[in-house]
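Below is one structure, written out as structure tokens; comments come after it.
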């Protein structure tokens, strides 16, 4: 049951996450038609125009309509993996080397099923790096996890 709640919460949170300007800030007919306009209604209209006609996808594929896939996508919101609600369960699962919260975080990080056992082992073996104090914040745990994954040959493909 906890796994379903964790997954539902993370799914709901990730649904609100968006990359900044996929295809570039000037991509698509919606952006062209509403250039210079501000406000939620204009942004939604540009998004709808680009989405329903498929012109932004076409533009990204063929490098037209002001679109480019060269620049990096950015995100200005909170982290996609939000640990506040599961930090206690996650720390317990990491300490044991298995558990629903550890599995849920691995899934949210995009770790494939074939690498999850290794992910569990790496997190477990590095518990004190993930949780250096009892005062650690969820963002610090996430940052520590990304560092651990980046330095691991099997897991680095999931973080960068």
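For the range 130-141, the criterion of being at pLDDT below 90 and under 14 Å from the mean Cα position of the chain (by Cα) is satisfied by at least one residue. Residue 77 meets all of the listed conditions (1) outside any helix (DSSP H, G or I); (2) modelled with pLDDT of 80 or more but one, namely (2).
Selection of the range 52-71 for residues being under 18 Å from residue 33 (Cα atoms) and assigned to a helix (DSSP H, G or I) yields 52, 53, 55, 56, 57, 58, 59, 60. Please verify whether the range 14-30 includes one or more residues that are over 26 Å from residue 87 (Cα atoms), in a helix (DSSP H, G or I), modelled with pLDDT of 60 or more and out of contact with any strand residue (DSSP E or B) (no Cβ under 9 Å at 6 or more places or on another chain). Yes, the range 14-30 has at least one match.
When residue 62 is tested against the conditions (1) at pLDDT 75 or above; (2) out of contact with any helix residue (DSSP H, G or I) (no Cβ under 9 Å at 6 or more places or on another chain); (3) under 29 Å from residue 108 (Cα atoms); (4) surrounded by fewer than 17 Cβ atoms within 10 Å (Cβ to Cβ), the lone failure is (3).
For the range 130-147, a residue qualifies if it is in a loop (DSSP other than H, G, I, E, B) and touching a residue at least 24 places away in the same chain (Cβ under 8 Å), and exactly one does: 131. Checking every residue in the range 103-118 against the condition of being outside the structural domain of residue 45 (by TED's automatic domain parsing), in a loop (DSSP other than H, G, I, E, B), at pLDDT 85 or above and loosely packed, with under 14 Cβ neighbours inside 10 Å gives at least one match.
Residues in the range 104-118 that are touching a helix residue (DSSP H, G or I) at 6+ places or on another chain (Cβ under 7 Å) and within 17 Å of residue 154 (Cα to Cα): 105, 106, 108, 109, 110, 111, 116.
For every residue, the table says whether it meets (1) within 26 Å of the chain's Cα centre (by Cα); (2) in contact (Cβ under 8 Å) with a residue 24 or more places away in the chain.
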{"position": "35", "(1), (2)": "no, no"}
{"position": "39", "(1), (2)": "yes, no"}
{"position": "47", "(1), (2)": "yes, no"}
{"position": "54", "(1), (2)": "yes, no"}
{"position": "60", "(1), (2)": "yes, yes"}
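The values are calculated or read from the model by the stated rules, or taken from the named source; none is laboratory data. Since this is a predicted model, take the numbers as computed values, not measurements. Every residue, glycine among them, receives a Cβ derived from its backbone with ideal geometry; neighbour counts consider all protein chains shown.
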